[in-house]
Amino acid sequence: MILDEKHIKFREKVKQFADEEVAPRARQLDQKCEFPWDLVKRMGELELLAIYLPEKYGGAGLDTLSYAIAVEEIGRVCGSTGIFLAAHSSLGIYPIYIAGNETQKRKWLIPLAQGKMIGSFGLTEPNAGSDAAATQTTAKLVGNKYIINGTKCFITSGGIGDIIVFTATKDPLLGYPGISAFVVEKGTPGFSEGKKEDKLGLRSSVTSELIFEDCAIPKENLLGKEGDGFKIFMQTLDSGRISIGALALGIAQGALDASIKFSKTALKSGRPLYKNQSIQSMIADMATEVEAARLLIYQSALLKDAGKPFTKEAAMAKYYASTIGMKATCTAVKIHGMFGLTNEYPVERFMRDEKLMEIGEGTSEIQKIVIARQVFGK
Ligand code: CAA
């Protein structure tokens, strides 16, 4: 896809940051499960934490396409840094941007955009994963406070989040109309981090359980109106799926780049590996599929920026990019042979990191439900 000069320049800026500052750290971050606090600070300085947000809320005032390009470029070298950026921007910031009132926006968006606060998104529960409307966490209004009880799980940046946008219901029997969206601030009594997950991939991003025990949050922390929560979260996920697609794409591009480099330098029977037609065939498939995923992702970003419906296209982009991304990273390991299984090369990390893209922000099966409902017009 031909990008205009503005987007080409923006990509160059992010690419330089990714290659010079993120890539050299990626292997160690993964091995030590270290959260990249310094890179978060740098992304704040470079105005990468809230790319699409208007300047009056501290954002860079750019578009969704720029945001997708940034996640792609960072994901190309480090999935963990990429997932932090996607979760912070799409899931921590976006619901406040679309549903918050002016006071809430001024209070939280500016520090989130500057990296002075980390944002997170609490939807998933032990019994409400793909079925997001099955939320069991309750919110009871008592005086001017909501009393929250329940558990959220697998929350990206949950344990390190300064604020978490989360869902809770007035009554689990009400289904989706009972669900509201709230913001809880770190340090609120009754709110704590539970189990921290030890994951297959994205090992330097923090994934935690969050526990609410008679946690009283101010009434002012309700986003939108009571009962709006499910739809706010669905809209947030529509948008977030563009960035998860972009991250899946970036990791796949990283695997492709590594495979090209390896097959040019490694020798088989005295000839560079790439002279072998079966390697050429694998690389051709990877390159074609990566380019097709890029078109779907950029198209969904352009639709969103044009104010047109993009639910179906974002689900397609996420579904396709994560599917071909998993295939590409597995192929990259295969091309590297035994070297591919070692952490001397980045491809095993890419393969581990890519797996989340088929699961987080809605599994591939959920994306197909979303696409089919749009296709059939439910
Ligand atoms: N935008 C706005 N409104 C929407 C919407 C959307 N995209 N999707 C649905 N709605 C509305 C519907 O129109 C309907 O409203 P009306 O009754 O007024 O028409 C209401 O919401 C209920 O919709 P459905 O009947 O379609 O809801 P459902 O219960 O059948 O669920 C689902 C739909 C798409 C399967 C949804 O449950 C879903 O997306 N599940 C996956 C959840 C998910 O992605 N979880 C990931 C967690 S976050 C994460 O992973 C982040 C991380 O940290 C990695």
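Close amide H contacts of LEU223 (hydrogens built in the peptide plane, cut-off under 5 Å, sequence separation of 5 or more or a different chain): ALA181, PHE182, VAL183.
Under the convention that each Lys and Arg Cβ holds +1 and each Asp and Glu Cβ holds -1, the size of the dipole of the stretch 78-167 around its Cα centre is about 320 debye. Reported value for the stretch 209-339: 143 Å³ per residue, from the convex hull of its C-alpha atoms. Derived scalar couplings between HN and Hα for the stretch 213-225 equal 10, 6, 7, 9, 10, x, 4, 5, 8, 6, 9, x, 9 Hz in order, rounded to whole Hz, by the Karplus curve 6.51 cos²θ - 1.76 cosθ + 1.60 (θ = phi - 60°), x for Gly and Pro.
Considering only the Cα atoms of the stretch 1-65, their convex hull presents on average a projected area of 5.4 nm². Taking the charge dipole of the chain about its Cα centre, with +1 at Lys and Arg Cβ atoms and -1 at Asp and Glu Cβ atoms, the residue from GLY229, LEU356, THR331 reaching farthest to the positive side is THR331. Under 17 Å of direct C-alpha separation, and excluding same-chain neighbours fewer than eight residues apart, LYS225 reaches these aspartates and glutamates: GLU102, ASP171.
Toward the positive end of the charge dipole of the chain, with +1 on the Cβ of Lys and Arg and -1 on the Cβ of Asp and Glu, the farthest Cα among GLY377, VAL347, GLY82 is that of VAL347. Positive end of the dipole of the chain (Cβ unit charges, origin at the Cα centre): among GLY175, ALA26, TYR319, the Cα lying farthest that way belongs to TYR319. Counting heavy atoms of the protein chains alone, THR81 has an accessible area of about 0 Å² for a 1.4 Å probe. With 0.36 nm allotted per residue and the present C-alpha distance subtracted, the GLU365-GLU12 stretch has 123.6 nm of extension available.
Simple point charges give the picture: +1 on the Cβ of Lys and Arg, -1 on the Cβ of Asp and Glu, and for the chain a dipole about the Cα centre of about 440 debye. Note that the chain presents 43 Å² accessible area per residue, ligands and nucleic acids not counted, probe 1.4 Å. Solvent-free Debye calculation, one equal scatterer per alpha-carbon of the stretch 88-195: log10 I(q)/I(0) at 0.13, 0.15 Å⁻¹ equals -0.46, -0.62.
Kirkwood Rh and Cα-based Rg: tell me the resulting Rg over Rh for the chain, rounded to two decimals. We get a ratio of 0.99 for the chain. What residue among LYS15, LYS32, LYS116 shows peak mean-square fluctuation when the chain is described by a Gaussian network model with Cα springs under 10 Å? Fluctuation is largest for LYS32. Build a GNM of the chain with springs between Cα atoms under 10 Å apart, and of LEU303, LEU85, LEU202 the one that fluctuates most is LEU303. If the chain linking ALA134 and ASP214 were pulled fully straight, counting 0.36 nm for each residue of separation and taking away their Cα-Cα distance, it would gain 26.8 nm. The Rg/Rh ratio for the stretch 137-206 is 1.02, where Rg is the radius of gyration of the alpha carbons and Rh is the Kirkwood radius.
Near LYS107, which aspartates and glutamates are there with a Cα under 20 Å away, not counting those fewer than 8 places off in the same chain? Correct list for LYS107: GLU45, GLU47, GLU55, ASP162, GLU185, GLU220.
Beyond a 31 Å Cα-Cα separation, which of these cross-linked pairs lie in this structure: LYS13/LYS261; LYS170/LYS199; LYS41/LYS368; LYS13/LYS186; LYS199/LYS318; LYS140/LYS186? Let's see the in-between values first.
On the way: LYS13/LYS261 23 Å; LYS170/LYS199 33 Å; LYS41/LYS368 37 Å; LYS13/LYS186 33 Å; LYS199/LYS318 21 Å; LYS140/LYS186 20 Å.
LYS170/LYS199; LYS41/LYS368; LYS13/LYS186, as the Cα separations exceed 31 Å there.
The 3J(HN,Hα) values that the Karplus relation (6.51, -1.76, 1.60; θ = phi - 60°) gives for the stretch 136-153 are, in residue order, 10, 4, 10, 10, 10, 7, 10, x, 9, 10, 9, 9, 9, 9, x, 10, 10, 9 Hz. Gly and Pro appear as x.
The values are calculated or read from the model by the stated rules, or taken from the named source; none is laboratory data. This structure is a prediction, so every number in the text was calculated from the model and none was measured. FYI the Cβ positions are ideal-geometry reconstructions off the backbone, even for glycines, and counts take in every protein chain you see. SASA here: full protein model, heavy atoms, side chains in, ligands and nucleic acids out. Shrake-Rupley method; radii C 1.70, N 1.55, O 1.52, S 1.80 Å.
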